[in-house]
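Participant: One structure coming up, written as structure tokens, with questions to follow.
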Amino acid sequence: MNKPHTSGKSEVLLGRITSVFGIKGWVKVYSYTEPMENLLDYPEWTLRHQGKTLTVIKTDGRKQGKGLVAKLKGYDTPEAAKQLAGAEIRLPEEALPPLDEGEYYWNQLIGLQVFNCQGQLYGKVDYLLETGANDVLVVKPSQGSLDKQERLIPWLLPDVIRQVNLESGILEVDWDADF
């Protein structure tokens, strides 16, 4: 059934259980993956909810309307499934497929220091936004940053995003300080 998750390995947030679906214990799932159905490729999920961590087995799942629904082993009633509403769905980072050169998972970009081509620090990547045209980095000021301005920087390689160095934690952008 479910077992406490004890791994100290790095995990990636891939979605969230939002509510119950139907009378057989299915749950509605909001996926952060692109495309959203990719979340269903993983049969074992680590859930974090209300200070607890547990591992569950996904026995079934599908696209339903504009979202996803999933059936988790051991959660066979709406009452049981309701206990998971709000849980974060996480996976060990090493369970994710490797990316091609120049591709990054969002979680790898969060926390990177953002400098412009002149070496001015804008701050750190706080989170990313998905827009119709391209993704956008939300950069919040940090200690030593040029000013206290939050910046929205489009993820456009190589025009705006010039260099990403995960090892040093630095992202270089060609982006005017006045934007």
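Participant: Hey, what did the range 106-173 get for relative contact order, percent, Cα under 8 Å, at least 6 apart? Each step should come with its number before you reach the end.
Facilitator: Values: 143 pairs, mean separation 20.3, N = 68.
It comes to 30 percent, rounded to a whole number.
Participant: Further question on the same structure: Using 5 Å bins from zero, what percent of all Cα-Cα pairs in the range 3-95 falls into each bin?
Facilitator: The percentages, shortest bin first, are 3, 14, 28, 28, 17, 8, 2, 0.
Participant: Order these by the 10 Å Cβ neighbour count, fewest first: K140, K58. Could you put the intermediate results ahead of the total?
Facilitator: On the way: K140 16, K58 19.
In order of increasing Cβ crowding within 10 Å: K140, K58.
Participant: Calculate the all-directions average of the projected area of the range 106-173's alpha-carbon convex hull, and give it in nm².
Facilitator: Details: hull surface 17.1 nm².
Over every viewing direction, the Cα hull of the range 106-173 projects on average to 4.3 nm².
Participant: To check my understanding: the extent here is largest minus smallest coordinate of the Cα atoms along each principal axis. What are those three numbers for the range 42-143, in Å, largest first?
Facilitator: Extents along the principal axes: 58, 30, 28 Å.
Participant: For Cα pairs less than 8 Å apart in space and 6+ apart in sequence, what is the mean separation divided by the residue count of the chain, i.e. the relative contact order in percent? Intermediate values should be presented prior to the final figure.
Facilitator: Values: 371 pairs, mean separation 32.1, N = 179.
Taking the mean separation of contacting Cα pairs over the length of the chain, I get 18 percent.
Participant: Another question about this same structure. Could you please report the charge total around E88, scoring K, R as +1 and D, E as -1 over all other residues with beta-carbon less than 14 angstrom from its beta-carbon?
Facilitator: Residues close to E88 contribute a combined charge of +3.
Participant: So, one more: Sorted from fewest to most neighbouring beta carbons within 10 Å, what does the list S31, S142, S168 look like? Don't skip to the end; give the middle numbers.
Facilitator: Details: S31 19, S142 14, S168 10.
With the fewest neighbours first, S31, S142, S168 line up as S168, S142, S31.
Participant: Over the Cα atoms of the chain, each weighted equally, I'd like the Debye log10 I(q)/I(0) at q = 0.19 Å⁻¹, rounded to two decimals.
Facilitator: -1.15
Participant: Exposure proxy check: R62, R90, R162 ranked by fewest other beta carbons within 10 Å? Kindly include the intermediate steps, with their values, before the conclusion.
Facilitator: On the way: R62 11, R90 20, R162 15.
Ordered from fewest to most neighbouring Cβ atoms within 10 Å, R62, R90, R162 come out as R62, R162, R90.
A short reminder: the numbers here are calculations on the coordinates, not readings from a lab. Treat the numbers as computed from the prediction; the structure is a model and nothing was measured. Every residue, glycine as well, gets a Cβ built from its backbone with ideal geometry; the counts of neighbours run over all protein chains shown.
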